[in-house]
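Step one of this worksheet: look at the structure below.
The values are calculated or read from the model by the stated rules, or taken from the named source; none is laboratory data. Please read these numbers as outputs of a predicted model, since none were measured by experiment. Don't worry about glycine lacking a Cβ; one is built from the backbone with ideal geometry, like all the others, and counts go over all protein chains shown. SASA here: full protein model, heavy atoms, side chains in, ligands and nucleic acids out. Shrake-Rupley method; radii C 1.70, N 1.55, O 1.52, S 1.80 Å.
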Amino acid sequence: KENRYGFFPSLSAAWILTNEPFMNLNAVSFAKLRASYGITGINPYKNGRYPFCQFYVGGGYFPIGAAWNIYYGIQPGMLANTDIKWETSKMLNIAFDLGLFDKFTLTTDFYIDNREDVLYINYNHPAVSGAVLPYENIGHIRNLGFDITAGYSKTTGDFKWYSNLVFSFINNRIEEMGEAINPENLAHLNMTGNPVNAIYGYEVIGRFSSDGGAGIPVQTFGPTNEGDLIYKDQNNDDIIDSRDITMIGNSVAPIDIGVRLGMSYKGFDVEAIIQGRFKNDIMLSGINIYEPFIYGNSVTEIALEDNFPRLSLSNMNNYQPSDFWLRNGDFIKLRNIELGYNFPTVITEKLSMGEVRLFIRGLNLFAISAWKYTDPEMISIGYSPMKTYYAGVKVVF
């Protein structure tokens, strides 16, 4: 009840430089500086709709009487947090718009988004309570990035062409998340300071040879043999275990590029949209690895890659999350291409129509990617985006 209302102000200002006498330049058709700052409340719905209420869940069972009849019990679920509230975004944006020769446009946006009161579980609380700890407004995430949009268009008689380029970069960092910060020799375990979508696992430094790998730290995931992966001992205790996990990748690409190209000549027009995503890591885990080897399935292309480790149905050493299972998820996709024809006015007027347009369109026609087994945006077992073709007619009376 104490956190049901908030005040979220914002302020923006702009200065159109080309309206000033000192910007009387023929080359510059438009120039504008702008800036904004705003505060926004965000409700991420952590742990259901009412995290301030205490709920009970099924918990265990117990026998009653001489016949040992089994009865099931209930137990407290995640502890209620009566002080919980929204997360807060405090965003600063500085931008510049430019037009040259009435043909070229450029827009640049730089922003800093500080997310405060982010919901995390505070693992600094002692675990002796035995309770499921609640989400608390203790986190802080910083997002920093910029967007650049450039466009060009030109008309020569009946021929017109245009192009637009969008480049987007974002870097985020966890400033605070309620974790107990590990000391220097275990600092690699800390998530604070890393991206929100960081991937964690073991670093592979080699393979076991036929002599068993003398001098290599003991790996605790099962007996090792020739061809097994060797993991890096991050804390130098001569044992490979959960204390050697570190950040090995990022599941969200920090770079996105979009290109829009089009042209028209008299009644004909064509437009294509291309998207690219870069610095994106794919982590093979779970069914992405095991599914090809169970229920009588044959070995897939993934297992036929060069340097694939020794296969085993019982030894889990090679199936630990590690950078061996990371793949390059970068891609360039032809998202959309459309070819159309607009009937001339002379014909549409005779037909008592305002507009008649024929078009064919294709979606997801092809992708260029180092990941060749499935769609790079859909690597798990599921339904990938389909290649789709359309043909249609648009009539306006």
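Quick notes
- Selection of the range 237-282 for residues being under 30 Å from GLY215 (Cβ atoms), in contact with an Asp or Glu (Cβ under 9 Å, 6 or more places away or on another chain) and not hydroxyl-bearing (Ser, Thr, Tyr) yields ASP237, ILE239, ILE240, ARG243, ASP244, ILE248, GLY249.
- Cross-chain or 6+ apart pairs with Cβ under 7 Å, the range 26-53 first and of a type in the set (S, T, N, Q), then open to solvent by less than 70 Å² (accessible area, probe 1.4 Å): SER29/GLY99; SER29/LEU100; SER36/ASN93; THR40/SER89; ASN43/TRP86; ASN47/MET78; ASN47/TYR135
Conditions (1) at pLDDT 85 or above; (2) within 15 Å of SER285 (Cα to Cα); (3) among the hydrophobic types (A, V, I, L, M, F, W, C); (4) open to solvent by less than 50 Å² (accessible area, probe 1.4 Å), marked per residue:
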| residue | (1), (2), (3), (4) |
| --- | --- |
| SER314 | no, no, no, no |
| PHE324 | yes, yes, yes, yes |
| LYS333 | yes, no, no, yes |
| LEU339 | yes, no, yes, no |
| PHE343 | yes, no, yes, no |
| LEU351 | no, no, yes, no |
| GLY354 | no, no, no, no |
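- Residues in the range 97-111 that are surrounded by 15 or more Cβ atoms within 10 Å (Cβ to Cβ) and of a type outside the set (D, E, K, R): LEU98, GLY99, LEU100, PHE104, THR105, LEU106, THR107, THR108, PHE110, TYR111.
- Any hit, the range 148-171, residues being part of a loop (DSSP other than H, G, I, E, B), under 30 Å from GLU271 (Cβ atoms), in contact (Cβ under 8 Å) with a residue 12 or more places away in the chain and of a type outside the set (Val, Ile, Thr): yes
- Count of residues meeting criterion [at pLDDT 90 or above and part of a loop (DSSP other than H, G, I, E, B)] in the range 367-397: 1
- Residue in the range 190-207 that is open to solvent by 20 Å² or more (accessible area, probe 1.4 Å), of a type outside the set (D, E, K, R) and in contact with a Leu (Cβ under 6 Å, 6 or more places away or on another chain) present: yes
- Residue pairs whose Cβ atoms lie under 7 Å apart, sitting 6 or more positions apart in sequence or on different chains, and linking a residue in the range 384-397 that is loosely packed, with under 11 Cβ neighbours inside 10 Å to a partner that is modelled with pLDDT under 90, are VAL396/MET353; VAL396/GLY354; VAL396/GLU355; PHE397/MET353; PHE397/GLY354.
- The lone exception for SER264 - which of (1) modelled with pLDDT of 90 or more; (2) crowded, with 17+ Cβ neighbours inside 10 Å; (3) over 30 Å from PHE343 (Cα atoms) it fails: (3)
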